[in-house]
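Down below is the structure, laid out as structure tokens.
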Amino acid sequence: MFDYIVVGAGYAGAVMAERIATQLNQKILIIDKRKHIGGNCFDRKDENNILIHQYGPHLFHTDNRTVVSYLSQFTDWDPYHHEVLAFVDGKKVPVPFNLNSLYELFPQSLASSLEAAMLKSYALNTKVPILELKQSDDPQLQFLAEYIYEKIFVNYTAKQWGLKPEEMDGAVTARVPVFVGRDNRYFNDTYQMVPRHGYTRLFEKMLDHPNIKILLNTDFREVAEIHGSTFHLFGREFGGKIIYTGALDALFNYRFGELPYRSVEMQFETVSQSRYQEKGTVNYPNDYDFTRITEFKHIHPSNSERTTILKEFPLPYVRNENTPYYPIFTPENQRNYERYVSHAATFENLILLGRLAEYRYYDMDDIVARALELFETEFTA
Ligand code: FAD
Ligand code: UDP
């Protein structure tokens, strides 16, 4: 009955299903174990009539025009430039740490001499990963790097990952570089916006096609069995393609051991005042067990008299207990993942895509771009 099975109704699965339905006119069944579409981008109005992001704050930002024009078929946008403050020594200062942060934390004369040292080594508006700044030969920059490392990165990273920054792939902390400039925004991308009516509505439009059927509340493993190197679905051998966007260790019943992920406990709170904090997100690197507080009214304005905030408490992922959100990027984990990939390659009709299945730190624009590219290269040749 179906030409394709797509496991997972997040961006990876939804983009593939939309492309196959509209461009190839083939029939797709999407299976998701959650009771809704949208994957981790799922959002909904809460009891305060505020649009909240159920699985953590999702800010769309990209330089990729192709991704923007593709998604714009399914949504209008509202501009939104995310700003983040970090709570350090009793003050809230802009993050990524930038020249403005210097003047908020240090006396004027020290701040201006540190600014001069930075501008001697780096051009204005350069982004410098903290682990790179720590290698500097200049004693003033060494002092500054050590300060930023201690006050912004080391404890936040310990909470978020259970690791030190240098124990992980440098790309993780490089996502939030030290910024030799005065732009307080969290991202510098050309396009920064949120879907006017939310991500869930965007996904509903994307998947609204007669060729697409959606089966929710269903784990793929409940309906699929592996026989040798073929998949049987609903008791029958399935000859079509399977696009799998879930975790790879789960698909193969953990035969090479578990792949580690970090999870997060999302704690939403209603506060009986119209505003809670100055900016969309405040990070707490050194205080409390949560990493950050996000206030959704900044992202999606609402005239509710109350406000909804979200505290994120990171914790290890435990099978059947919580949700795997972040692959953990160490060389050893990457090697274990590659064993699963080699095994997956013995299944002719299996395609791996997405943050879980590819064990990659994809942002939303990355995964949409990756899915569009995969469709062009693998499905239209
Ligand atoms: P997912 O959205 O995780 O979708 C995978 C789906 O597969 C899920 O719905 C899951 O239920 C389903 N599934 C898994 N296994 C099975 C199975 N066995 N059977 C059936 N269904 C299954 N990106 C940004 O660009 N900006 C941000 O601000 C941002 N903030 C983020 C904050 C947090 C806390 C997190 C965790 C991520 C954030 N992201 C952000 C990244 C964004 O969520 C991902 O890029 C995007 O969700 C990836 O889409 P995906 O389809 O690969 O995965
Ligand atoms: N990070 C940090 N302190 C901060 C912000 C970020 O140490 O105030 C580090 C931390 O390791 C984090 C990584 O930078 O996991 C990437 O941060 P980002 O905000 O991009 O994480 P995400 O929004 O994906 O959770």
Can you list residues whose amide H is under 5 Å from Gly198's amide H, if they're 5+ apart or on another chain and H is modeled 1.01 Å from N?
-> none
Taking N as the number of residues in the range 86-233, what is its Cα Rg relative to 2.2 N^0.38 Å?
-> 1.55
How much net charge surrounds Phe74 when only the other residues with a Cβ under 10 Å from the Cβ of Phe74 are counted, with Lys and Arg +1 and Asp and Glu -1?
-> -2
Give the whole-number value, in cubic angstrom per residue, of the convex hull volume spanned by the C-alpha atoms of the chain.
-> 149
quick note, the chain, DSSP beta bridge pairs, % antiparallel (nearest 5) is 70
Where Lys and Arg each count +1 and Asp and Glu each count -1, what net charge lies around Arg196 among other residues with Cβ under 9 Å from its Cβ?
-> -1
Could you check what % of the DSSP bridge pairs in the range 1-113 are antiparallel, to the nearest 5?
-> 65
The lysines whose Cα lies under 25 Å from the Cα of Lys159, excluding any fewer than 8 residues away in the same chain, are Lys91, Lys92, Lys127, Lys134, Lys151, Lys279, Lys311
HN-Hα J couplings of the range 348-362 from phi, Karplus 6.51/-1.76/1.60, θ = phi - 60°, integer Hz, Gly and Pro as x?
-> 4, 9, 9, 10, 9, 8, x, 4, 7, 5, 9, 6, 10, 8, 6
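Quickly estimate the mean residue ellipticity at 222 nm for the chain, helices only: each DSSP H run with n ≥ 4 gives -39500 (n - 2.57), and the total goes over all residues, rounded to 500.
For the chain, the value works out to -8000 deg cm²/dmol.
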Gln140: net charge of surrounding residues, Cβ under 15 Å, Lys/Arg +1, Asp/Glu -1, itself excluded?
-> -2
How far apart, in nm, are two points set 7 Å out from the Cα along the Cα-to-Cβ line at Glu305 and at Asp219?
-> 4.5
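What FRET efficiency do you get for Glu258 and Ser113 if R0 is 45 Å and r is their Cβ-Cβ distance, rounded to the nearest 0.05?
0.35
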Highest mean first, what order results for 111-118, 132-139 on Cβ atoms within 10 Å?
-> 111-118, 132-139
Long-range amide H partners of Ile30, meaning residues 5 or more apart or on another chain whose placed amide H is closer than 5 Å, are Val6, Lys213, Ile214, Leu215
Take the alpha carbon gyration tensor of the range 224-282, find the square roots of its eigenvalues, order them as a ≥ b ≥ c, and report rounded if a/c is under 1.5; if not, report prolate when a/b exceeds b/c, else oblate.
-> prolate
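Read-outs: derived from the displayed coordinates by stated rules, not from any lab. Please read all numbers here as calculations on a predicted model, not as lab measurements. Virtual Cβ from ideal backbone geometry, glycine too; neighbours counted across all protein chains shown.
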